[in-house]
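The values are calculated or read from the model by the stated rules, or taken from the named source; none is laboratory data. Source: prediction; values computed, not measured. Heads up, the Cβs are rebuilt from the backbone with ideal geometry, glycines too, and the neighbour counts pull from every protein chain shown.
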Amino acid sequence: MHLTVSGLDAIDPHEAAAHSMLGMGALLAELAAQGVPAQALLLGTGLTPRQFTDPQARMSQSQKVAIFRNARRLSAAADLGLRAGARQRLSDFGVYGYALVSSPTFGDAVALGVRHIKLAGPVLEKHFRVEGGTAIFEGRDPFALGELLPLVSEYWFSSILRLITLVLEAPLPSHQLLLPYARPAHAAAYEQVFGCPVHFGADTMEWHFDAAVLGVPCPNANPITADLCKDMCERLLRTLPEESELERSIRAACFNSFGVFPALDEMAQRLGLSARTLQRRLTETGRHYQEIIDEVRTALAIEFLSQTTLSVEEVAQRVGFSDASNFRKAFRKWTGQPPAHYRSARQADEATA
């Protein structure tokens, strides 16, 4: 995925199409209601309208962001995200939606939703926690979306609100909504939609509500349906990449910085984060920055040794080592073999294959 300081900016043809179309149909429906054809909304993405009705279809992260960018450009409605999110239907989320609505309690639905959020291919990182009597949905912006952040966050929060309404068949007792961008002209619409105070220019992106509602039984709870849908979600989840969006963005930045592997501080700046925040978020996923960097270096070194005739010294330079001896030590640590032996073994394997 190609990243810049301002975030995702173009379709990367080499990026894996790992995300489903779940939840995006409502955005297409809202633009269609405004007279914007689907072909215009999907311009430059390489996607077709038919794919949005195909449960097996997949898109890349940059394709999804391009759709939001087109939507922002084509819509005359300042509150586009709020309007589009309100159009969500359970069927727009496939088995994921039905798993939520058939959960025993709202707390079970939230737990399942957080566990399987990757099925919806989120642009923002999603987190959930409880602090005392307050439950908190939190969004994070690892790609530094910039001017797209208001639209994306509006769409996410209003989509969640719509799903919650369908699951509970009742309003959510909200406390407050905190958003990290300037107060928009349509700010009054936020309070009308969410039914709580909305604070703009905050340091975080959070929706607070009464934690007591987590114990409320879901009106459409069905243990058999819930178990079937949950099993299907688990199988689907196993087909998705295990790494987080943040980890993918770090890897992409490294692959796009030929021979240069930024220090944590510099990487954090590229991603629009503080070094402390980047470190904390990686720790939450059980990962370490240097570990990810070493994995990228290992993959590149193996590729160069296997597919090129570059000398070990040249490979060392291309994976960020100025001293070939240090590269040899590192490669032995990564793979258990010196680079020259690894290359010889690969060549021997190919010769006998």
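Which residue pairs have Cβ atoms closer than 6 Å, lie 6 or more positions apart in sequence or on different chains, and pair a first residue in region 73-85 that is touching a residue at least 60 places away in the same chain (Cβ under 8 Å) with a second residue that is among the hydroxyl-bearing types (Ser, Thr, Tyr)?
Cβ pairs passing all conditions: 81/155; 82/158; 84/155; 85/155; 85/158; 85/159.
Return a yes/no flag: does region 289-309 have any residue that is of a type in the set (S, T, N, Q) and under 22 Å from the mean Cα position of the chain (by Cα).
Within region 289-309, one or more residues are of a type in the set (S, T, N, Q) and under 22 Å from the mean Cα position of the chain (by Cα).
When you look at residue 139, is it loosely packed, with under 15 Cβ neighbours inside 10 Å and either touching a strand residue (DSSP E or B) at 6+ places or on another chain (Cβ under 6 Å) or assigned by TED's automatic domain parsing to the domain that holds residue 110 (or both), yes or no?
no
Could you say which residue among 304, 321 is surrounded by 14 or more Cβ atoms within 10 Å (Cβ to Cβ) and outside any helix (DSSP H, G or I)? Don't jump to the end; show me each part of the working.
On the way: 304 fails: outside any helix (DSSP H, G or I).
Testing whether each residue is surrounded by 14 or more Cβ atoms within 10 Å (Cβ to Cβ) and outside any helix (DSSP H, G or I) leaves just 321.
Which one of the conditions (1) assigned by TED's automatic domain parsing to the domain that holds residue 180; (2) modelled with pLDDT under 75; (3) under 30 Å from residue 271 (Cβ atoms); (4) more than 19 Å from the chain's Cα centre (by Cα) does residue 203 fail to meet, given that it meets all the rest?
Among (1) assigned by TED's automatic domain parsing to the domain that holds residue 180; (2) modelled with pLDDT under 75; (3) under 30 Å from residue 271 (Cβ atoms); (4) more than 19 Å from the chain's Cα centre (by Cα), the lone unmet condition for residue 203 is (2).
Take residue 153 and decide whether it is in contact with a Lys or Arg (Cβ under 9 Å, 6 or more places away or on another chain), modelled with pLDDT of 90 or more and within 24 Å of residue 60 (Cα to Cα).
no
If a residue has to be of a type in the set (A, V, I, L, M, F, W, C) and either surrounded by fewer than 18 Cβ atoms within 10 Å (Cβ to Cβ) or touching a Lys or Arg at 6+ places or on another chain (Cβ under 6 Å) (or both) to count, how many in region 167-188 make the cut?
Final tally of qualifying residues: 5.
What number of residues within region 329-342 are over 23 Å from residue 253 (Cα atoms) and surrounded by 17 or more Cβ atoms within 10 Å (Cβ to Cβ)?
2
For the condition closer than 23 Å to residue 27 by Cα and out of contact with any Gly (no Cβ under 9 Å at 6 or more places or on another chain), what is the one hit in 80, 100? Quick ask: steps written out before the conclusion?
Numbers: 100 fails: out of contact with any Gly (no Cβ under 9 Å at 6 or more places or on another chain).
Step by step, each of 80, 100 is checked, and only 80 is closer than 23 Å to residue 27 by Cα and out of contact with any Gly (no Cβ under 9 Å at 6 or more places or on another chain).
Of the numbered conditions (1) farther than 27 Å from residue 101 by Cα; (2) exposed (fewer than 15 other Cβ atoms within 10 Å of the Cβ), residue 217 satisfies every one except a single condition; which is it?
Residue 217 satisfies all of (1) farther than 27 Å from residue 101 by Cα; (2) exposed (fewer than 15 other Cβ atoms within 10 Å of the Cβ) except (1).
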